[in-house]
1. Which one of these is at pLDDT 95 or above and either within 23 Å of the chain's Cα centre (by Cα) or within 13 Å of the ligand (Cβ to nearest atom) (or both): Ala163, Ala137?
2. Can you pull out every residue in the stretch 178-193 that is within 7 Å of the ligand (Cβ to nearest atom) and either without any contact (Cβ under 8 Å) to a residue 40 or more places away in the chain or part of a loop (DSSP other than H, G, I, E, B) (or both)?
3. Restricting the search to the stretch 1-30, which residues are among the hydrophobic types (A, V, I, L, M, F, W, C) and more than 33 Å from the chain's Cα centre (by Cα)?
4. Restricting attention to the stretch 203-243, and to residues there that are over 30 Å from Leu288 (Cβ atoms) and among the β-branched types (Val, Ile, Thr), which single residue is surrounded by the most Cβ atoms within 10 Å (Cβ to Cβ)?
5. Does Gly220 fit the bill of being more than 30 Å from Ile308 (Cα to Cα), away from the ligand (no atom under 16 Å from the Cβ) and either touching a Lys or Arg at 6+ places or on another chain (Cβ under 9 Å) or not acidic (Asp, Glu) (or both)?
6. For the stretch 41-89: of the residues being of a type in the set (D, E, K, R) and in contact with a Gly (Cβ under 8 Å, 6 or more places away or on another chain), which is surrounded by the fewest Cβ atoms within 10 Å (Cβ to Cβ)?
7. Just wondering, is there one or more residues in the stretch 106-114 that are more than 16 Å from the ligand (Cβ to nearest atom) and in contact (Cβ under 8 Å) with a residue 60 or more places away in the chain?
8. When you go through (1) at pLDDT 95 or above; (2) away from the ligand (no atom under 16 Å from the Cβ) one by one for Cys210, which number turns out not to apply?
Amino acid sequence: MTSKEIAQFRKNLLAWFKTHHRKLPWRETKEPYRIWISEVMLQQTQVKKVLEYYQKFVDRFPDVQHLAEVNLQDVLKIWEGLGSYARARNLHKAAKVVMRDLAGEIPSDYTTFRKLPGVGEYIAAAVQSIAFNQPYAAVDGNVKRVLSRLFLTDSPVNQSTAAKIFQANADLLLDRSEPGAFNQAMMELGATVCRATSPTCIVCPVNNFCGAFQTARQRGFPVRHKSKPIPEYHLVAGIVHKDKRMLITQRKRDGLLGGLWEFPGGEIQAQETAGQTCVREIQEQVDLSVEVIAYLTRVKHTYTHFKIVMDVFRCNYQSGDVALNKPVDYRWITIDQIDQFPFPRSNHKFIPLLMQGEENNNE
Ligand code: SF4
């Protein structure tokens, strides 16, 4: 595009955004904290889902100081169901850094902000441009799709080697006088007009500048590198009962689903039945001998990089002290206490059955 075309592109896009943008709570504020929370939540998550969580989060933790002062478990409980829990753990860590090292002020310069835990290039550019009007182009999945069609970019959007190409094109288009509005406009265009399937090019404010539209090749872009099918793991979980309480354990802080609570269990090995796995895993993980007394259900869940099929059993405690020789955080809880702990989605798929079971037992 020539510089004249780029100027017209910006004008068209911003005019369209001003009249067509969706009203979203994080667009009603200039508070860096709220913008930061919304951008972290929006990473790899649909707006509809974020709307369920954003208000709860900022009501419970209205500023960076509140967030820094609460326990991680309180943060995970609010985040429960939103997925990618590393985002919540990093936000919590970052809030502590802001309070401890930055006098409670969210940095208004890109370099300092980018050093906070969990702040990558996208979050840094989005927050700095929207909250502080800093001239950084934010490139998320929606923006990559728009750029690939505008410029007929044939580098796969899902390969990291192409990131520089998309960033360079985004930098070229960025309106430096209104970077926050411009970035949001590009994202909004991708989310509502230049959709993955059936883009509505006829109403697109920048169709005059779009290579894909001009050559009727929208379907060919973005180019994607074919990824391998994701693996599936067969797991078990055991509900260990003892004196009307159930055992739950906490996952290590720095791994997948870190800091969440779950019912103990693990992966089925070759030559093992699911019931045998349950007994073995509980012995290995928490030093308890248990007896499987009933099959409860099977649940399935898909994470970003793998799927699980989980068979769930009820077990009776037989002997042993929990985690006698292991650094495992655990609780014996009643069914009424279950809501106090954050659990992964896979566990939430069978928790209602436990509640029903308790109701029946109490009748
Ligand atoms: Fe996307 Fe169509 Fe607009 Fe091009 S003209 S940017 S393909 S919506």
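The values are calculated or read from the model by the stated rules, or taken from the named source; none is laboratory data. Everything quoted here is computed from the prediction, not taken from an experiment. Virtual Cβ from ideal backbone geometry, glycine too; neighbours counted across all protein chains shown.
1. Step by step, each of Ala163, Ala137 is checked, and only Ala137 is at pLDDT 95 or above and either within 23 Å of the chain's Cα centre (by Cα) or within 13 Å of the ligand (Cβ to nearest atom) (or both).
2. Val193
3. Matches in the stretch 1-30: Met1, Ile6, Ala7.
4. Ranking the candidates gives Val206 first.
5. no
6. Among them, the one singled out is Arg87.
7. Yes: one or more hits.
8. (2)
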